[in-house]
Amino acid sequence: DGVVVSEKVKSNNLDVKIPESELEAEEKGAEEERPRESDSNILDVSSDYPRDKHISIQRHLADLEKLADLREDEKKPCPLCPEEKFKACYSHKLHRHLQNLHWKVSVEFEGYRMCICHLSCRPVKPNLVGDQTLAKMGAHYHCIICSATIVRRTDMIGHINRHVNKGETESRFITVRAPKSSYEVVKESATDVQVLPNHSTPQKTDSYFNPKMKLNRQLIFCALAVLAGERTPIECLDAFGATGIMGLQWAKHLRSSVKVTINDCNENSVTMIKENCHLNKMKVKLNIKEEDDETVGDGEENSDTIEVTKMDANVIMHLRSFDFIHLDPFGTSVNYLDSAFRNVRNLGIVSLTSTDISSLYAKAQHVALRHYGCNIVRTEYYKELAARTVIAAVTRAAARCNKGIEVLLAVALEHFVLVVVRVLRGPTPADDSAKKVRYLIHCQWCEERVFQKEGNMVEENPYQQLPCDCHGSMPGKTAVLLGPLWSGALFNTGFLRRMLLEAVQYGLDEAQPLLKTLVCEAECTTLKHFSTHSPGDENKQEECGVYIKTPNTSAESYLVHGKRKSEEVLRGSAKRQRAEHSAEHPPFYYNVHRHSIKGMNMPKLNKFLSYLSEAGYRVSRTHFDPMGVRTNAPLAQFKTVLMKYSAPTYVGAQAEGPVHLPGEIQVGEEVPAAADIKVEEAELAEDGKSGVATTVFAQSYPTRCAAD
């Protein structure tokens, strides 16, 4: 009775005939059966399992001791340890062993304890013999619900919780879906989706829905809407559908302009995607043949139809071609880049969301080196460093397929890094894009940074490329080589402006402020100079040699998708890129708090931007850091302007303008310390009888005199 669970269980609903021999055995173990009658239904269900529960799963410590009592010897072995590990001993020593080694570290579930087991239940590598085999056996747990063996206790707890969340507490091998009543209906952007109760927990076997990624979904929708305005219909793929919320929003708002395919490799997720399609009154198309991929149906026929597939993301991207591909796996997306660029169409768009922020934000640098082949450290501009790391990996993957990229958008926020690129087919764009992947020289003292110069020749002193002189004034090595990173632009102004128009048209309120900031950041201008039309050519935008119609243009696009660009267009595109290269936004940004002067109150951020602009530098705010300033000014000049317009701490934050110290200190000269100013003030107070001294003091410190 203590070793295995009886396969015949008394039930209130079923009348079971039991032989007399078994009745006598039950009378002998009546004391053991009484507490079991009040158990939860897990025991009743476990009796129907194809396998009896393991001996390491017991209710009481005494049950484990009874397993050892089966032997009539005076010394009894441990039932959960091999004889080579724990030799037979007396009962009091065995009790301490079972309590301290097995019972204390057990995992509890529904009144049962899954004790740690040291038996040879797990397979051992065949090349291990003798003592190596015993050493490699290791401790493990047996799951009470399924036949899995888990090594760590924390993993076992998570394993049981996943069973509970999926409603798998009633069967060992058959998956029981959660009842319909337990589903929650979430509405986002006029789209309803059913989610599981644990939708906010990213488990591997559950459909994950994160409400915090709403901004990410809106940005991707705007990018797809812009592409749908260039040519229709376009085939778009959501490679990791989960609940299908993103693909449903595409099909529901863009209608006949897009042919949506939602893919997921999890069967439960695919079932939920189909149910969500029916919930939003969308037709589901299944098992479409490969010959039908090239045919384009009528707009009315395909406007409310979504194709749902169940296969690996790499497989579907290898088999079929798409105009728009979005990758949003759990963690890094580098494993899917090669297949994404293999069949993506020319001038198509690939967007990817990376949620492995621990490695990208330099908290796990060894993981970033393993996934992205990039050496990074924690800096003040770590978010932009993460975006350039992802783009560098995208560039290398595209170049392997003889394709180049143009970065349209790069966003790095608290929970994700989003990169949207346009694909340019051909070896020449691939070479041009690969040349923009360079190393970065970063000073660890002052955090000045500069991209390494092009060329293969080894430079004698790489520190000469840094604008700062920390290497000469500080001992030892002061700089570190980061990368390889993307050194080109992170934004396309024309594309961002059209994304903003789409956000206004569809009422995406959360994306509009961010897109305005991105447009200002791309043009390196302040928000007060922001306008919805580009200052140059307001009627048409040219991207990658393609003229694209904007809302102010009545003419059609000059080039048709799918045809090769002529030599004149290529030359015009090259001239445009050379002309706009000087106007490209400067790389990286400076944090005002990081470089503030001790003992001084720095000016307001918007006023500081105007001061830098008046000094002749390009300047803008950045979405990467709320206190960051993107500017082409060197760090030394940045600190000089910041020092000039900062006020001493004792003066307070009332003085908005520059502080004019005695002797008219100019930009670049040192400001006296606060202690010296106080001494000078005391001396002037003693000579207050002199009218000249009072006049000089009043002119030098007008704010303090007004307060007095």
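Round to a whole angstrom and tell me the spacing of the C-alpha centers of segment 598-632 and segment 344-400.
The two parts, judged by their Cα centres, are 27 Å apart.
How would you rank 225-238, 633-646, 593-606, highest first, on the average number of other Cβ atoms within 10 Å across their residues? Each step should come with its number before you reach the end.
Details: 225-238: 21.3, 633-646: 18.7, 593-606: 14.5.
The most tightly packed comes first, giving 225-238, 633-646, 593-606.
Please report the carbon-and-sulfur percent of the accessible area for segment 589-648; probe 1.4 Å, protein heavy atoms only, DNA, RNA and ligands left out. Intermediate values should be presented prior to the final figure.
Details: 1300 of 2540 Å².
Percent of accessible area from carbon and sulfur atoms in segment 589-648: 51.
Quick one: dipole size for segment 589-648, taken about the Cα centre, charges +1 on Lys/Arg Cβ and -1 on Asp/Glu Cβ, in debye to the nearest 20. Can you show the working numbers first?
Working: 9 positive and 2 negative charges, 11 e Å.
The dipole of segment 589-648 has a size of about 60 debye.
If DNA, RNA and ligands are ignored and the probe is 1.4 Å, what is the ranking of His318, His623, His54 by accessible area, most exposed first? All intermediate terms of the calculation are to be shown ahead of the outcome.
On the way: His318 85, His623 25, His54 45 Å².
Result of the area sort, largest leading: His318, His54, His623.
Where only protein heavy atoms count, and the probe is 1.4 Å, what is the accessible area per residue for segment 383-503 in Å²? Mind showing how you got there, number by number?
On the way: 5000 Å² over 121 residues.
Heavy-atom SASA per residue in segment 383-503 reads 41 Å².
Which order do the peptides 453-465, 109-121 take when ranked by the mean count of other beta-carbon atoms within 10 Å per residue, highest first? Intermediate values should be presented prior to the final figure.
Values: 453-465: 9.5, 109-121: 18.8.
The most tightly packed comes first, giving 109-121, 453-465.
Report, in listed order, any pair from Lys283/Lys310; Lys477/Lys598; Lys259/Lys281; Lys259/Lys310; Lys363/Lys383; Lys383/Lys598 with a Cα-Cα distance greater than 20 Å.
On the way: Lys283/Lys310 17 Å; Lys477/Lys598 26 Å; Lys259/Lys281 16 Å; Lys259/Lys310 17 Å; Lys363/Lys383 12 Å; Lys383/Lys598 26 Å.
With Cα atoms farther than 20 Å apart: Lys477/Lys598; Lys383/Lys598.
The values are calculated or read from the model by the stated rules, or taken from the named source; none is laboratory data. This is a predicted model, so every value here is computed, not measured. Glycine also receives a Cβ, built like all others from the backbone with ideal geometry; neighbour counts cover every protein chain displayed. Just the protein is used for accessible areas: all its heavy atoms, side chains included, with ligands, DNA and RNA removed. Shrake-Rupley method; radii C 1.70, N 1.55, O 1.52, S 1.80 Å.
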